[in-house]
Amino acid sequence: MTQANDPDRLRRWRLVLGGGSGAEGTGFPLSEEDGSVDGVLAALYDQREEPRSGDRRGGGLGASAPRVARWLGDIRRYFPGSVVQVMQRDAVDRLGLTRMLMEPELLSAVEPDVHLVGTLLSLNGVLPEETKETARSVVRTVVAELEARLAEPTRAAVRGALDRAARAQRPRAADIDWGRTVHANLKHYSPELKTIVPEKLVGFGRRQHSVQREVILAVDQSGSMAESVVYSGLFGAVLASMRALSTKFVAFDTAVVDLTEHLDDPVDLLFGTQLGGGTDINRALTYCQQLVERPEQTLLVLISDLYEGGVREELLRRVGELVGSGVQVVTLLALSDSGAPFYDHDNAAALAELGVPAFACTPDLFPDLMAAALRRDDLGRWASTALGD
């Protein structure tokens, strides 16, 4: 059978082309169920910016809440979850259906995902009281799913990095880790002496409160950073759960808010952010600089697209001061799965000249990034290897 006569191929083309005259060329009749699928797609995608008089092709979702609810149910019936999430985002973007998130019965019908959480956070200030608890439930569901996937890899990577940094190469007798020392020197077994001759002693580091590492997450909450804010909130809560780290969380736009006290509950943390508005990175870093107590033990992760609304020269001077004092500064242009981000290339290049690497990172790679940063590896090299830059 040729592709031209392949019924499944013709069916897919018929659904892509939609109803009316645009589908005549296929000559393929739709079944009753396919007709329903076609109607669901038409309601979202068969929209003209300026419909001609008498041309009503495309169902549209109109202003009827029951109709929107039925449409949300239909797309979950006909399409897999990943496609449902894309269609929901398209509905919000193309049809302006943010109002559907303002009604509890509609919000509860939506498939939760990171993008939906970002939309809810951007609407946080205008959500009706009767919808807020439903919104929190949606956010809680997504956070729980992300935590199940990302929390333990993050803790394991960070623990491994800190343990490696703490191990002394010339430990005193009382600090020798004999198990690791034997393993590290197996190749130095002497048949004549019938024993291992250790050439390297591996020891336990003296883990006291004085060597606790400081981590500051400075998170840009301008509208373009919604997905990054969600992931940053989750990772901030995970890092804060580790005794070996002292973690602080600072969100900013043109104002700065310290949300560290909410790190024990990532849902509260996320609802403490306010997506939208401008960006003043220098003001945020000025505040973060005041939080630094032990520069040599501090890692500052700036999560921002670097579109600075403040004074650029002051921003670069501030970063130079932080680096000069011993603070390790890393810039993530995005913390998301949404592909290459938009960012200010000039500012990224200027930061690189100051020794501050700037690159995007996916959530799945963030644990490895934190481990590399805590070990003080060459992050430029790490990014080239891990991210394929």
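Each reported figure results from applying straightforward, stated rules to the coordinates on display, with no laboratory input. As the structure is a computational prediction, the values presented were derived from the model and not from experiment. Glycine gets a Cβ as well: all are built from the backbone with ideal geometry, and neighbour counts include every protein chain shown.
Here are the numbers for this structure:
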quantity: Cross-link partners of LYS200 among lysines (Cα-Cα below 22 Å; sequence separation of 8 or more within a chain); calculated: LYS187
quantity: Karplus 3J(HN,Hα) series, Hz, for the range 179-196 with 6.51 cos²θ - 1.76 cosθ + 1.60 (x for Gly, Pro); calculated: x, 5, 5, 4, 4, 6, 10, 4, 6, 9, 5, 9, x, 5, 7, 6, 7, 8
quantity: Backbone HN-Hα couplings from phi across the range 34-42 [Karplus 6.51/-1.76/1.60, Hz, Gly and Pro as x]; calculated: 5, x, 5, 4, 4, x, 5, 5, 5
quantity: Distant-in-sequence amide H partners of VAL329 (H built 1.01 Å from N, under 5 Å); calculated: LEU300
quantity: Proximal aspartates and glutamates relative to LYS132, as straight alpha-carbon distance under 19 Å, when same-chain residues fewer than 8 apart are discounted; calculated: GLU103, GLU105, GLU111, ASP113, ASP265, ASP268
quantity: Within the range 306-352, chymotrypsin sites (Phe, Trp or Tyr not before Pro) in DSSP loop having at most 12 other beta-carbon neighbours inside 10 Å; calculated: PHE342
quantity: Size of charge dipole - the range 235-289 - debye, nearest 20, with Cβ of Lys, Arg +1 and Asp, Glu -1, no other charges; calculated: 220
quantity: Point-to-point label distance, THR181-THR362, nm (Cα→Cβ direction, 7 Å offset); calculated: 4.3
quantity: For GLU214, distant residues with modelled amide H under 5 Å away; calculated: SER246, THR298, LEU299
